[in-house]
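Below is one structure, written out as structure tokens, with a few remarks after it.
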Amino acid sequence: MIDSKELIGRLFVQQGDITQMEVDAIVNAANPSLMGGGGVDGAIHRAAGPKLLEECRTLGGCAHGEARITKGYRLKAKYIIHTPGPVYKNGTSGEREVLGNSYLNSMRLALEYKLTSIAFPAISTGVYGYPRGEACEVAVTTVLGFMKEMEYMMSVVFVLFDNENFRIYSDFITGLK
Ligand code: APR
């Protein structure tokens, strides 16, 4: 049984641009079309180059909470895991479950591909409007729960672009240690 303290020790928080991360996979907060967009989706497509869109075209889209994996192309990361998070409406339309599934299905793909490091953005906290504090709690508890249940240790870096998310994640994870 993996010790919780050891698991929490594998969680890292960093402020910056996820496209620069040198990890096995970075996660993209996508939309169901997988055809790119603004925010982190736009940044990842710009950094990865046009071959990413070519591969995404072959995937036939992805439902909210599901995840798909592609190569990383021009990125330092070997893979990109694309997952559309939930569009936040009122907090009582199943958003929490869908957000949890985005993290869970991304971790499942990481396990399937035997990845040892992954970087997540704060999924759904931009255009999709998910309240940052709640989203952080769903993200961290889902990732920790998966590693504990599957007894699968990996390094997980939460890469936050904005100051507010960085502070929220830093405080939350420090509180766990
Ligand atoms: N690196 C890391 N995080 C980033 C970056 C970046 N380069 N750019 C933006 N972010 C952060 C935002 O600050 C926000 O905290 O990613 C988080 C998610 O915001 P969005 O990118 O707006 O994604 P989301 O809220 O999940 O909305 C998805 O937006 O871009 C479109 O195509 C996308 O339709 C989809 C929707």
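Below are the figures for this structure:
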| item | result |
| --- | --- |
| In the stretch 16-45, residue surrounded by the fewest Cβ atoms within 10 Å (Cβ to Cβ) [restricted to those that are part of a strand (DSSP E or B) and more than 9 Å from the ligand (Cβ to nearest atom)] | Ala25 |
| Positions within the stretch 77-91 being under 17 Å from Leu109 (Cβ atoms) and either of a type in the set (Asp, Glu) or surrounded by 19 or more Cβ atoms within 10 Å (Cβ to Cβ) (or both), in sequence order | Ala77, Tyr79, Ile80, Ile81, His82, Thr83, Pro84, Gly85 |
| Residue match in the stretch 131-143 (condition: surrounded by 19 or more Cβ atoms within 10 Å (Cβ to Cβ), among the small types (Gly, Ala, Ser) and either within 10 Å of the ligand (Cβ to nearest atom) or within 14 Å of Tyr103 (Cβ to Cβ) (or both)) | yes |
| Given (1) crowded, with 20+ Cβ neighbours inside 10 Å; (2) more than 9 Å from the ligand (Cβ to nearest atom), number of the condition Ile123 does not satisfy | (2) |
| Within the stretch 1-24, tally of residues that are under 16 Å from Met147 (Cα atoms) and touching a strand residue (DSSP E or B) at 6+ places or on another chain (Cβ under 6 Å) | 3 |
| Test for Glu112: is it surrounded by fewer than 14 Cβ atoms within 10 Å (Cβ to Cβ) and in contact (Cβ under 8 Å) with a residue 40 or more places away in the chain | no |
| Single residue of Ser170, Ser102 found to be under 13 Å from the mean Cα position of the chain (by Cα), hydroxyl-bearing (Ser, Thr, Tyr), within 15 Å of the ligand (Cβ to nearest atom) and in a helix (DSSP H, G or I) | Ser102 |
| Members of the stretch 46-56 that are more than 9 Å from the ligand (Cβ to nearest atom) and not charged (D, E, K, R) | Ala48, Gly49, Pro50, Leu52, Leu53, Cys56 |
| Qualifying residues in the stretch 144-163 (those that are surrounded by fewer than 16 Cβ atoms within 10 Å (Cβ to Cβ) and within 13 Å of the ligand (Cβ to nearest atom)) - the one farthest from Ala25 (Cα to Cα) | Asn163 |
| Any hit, the stretch 56-76, residues being within 17 Å of Phe146 (Cα to Cα), buried (at least 19 other Cβ atoms within 10 Å of the Cβ) and under 16 Å from the mean Cα position of the chain (by Cα) | yes |
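Read the figures in this text as sums done on the coordinates, not as results from a lab. Computed from a prediction, not measured in an experiment: that's the story for all the values here. Every residue, glycine among them, receives a Cβ derived from its backbone with ideal geometry; neighbour counts consider all protein chains shown.
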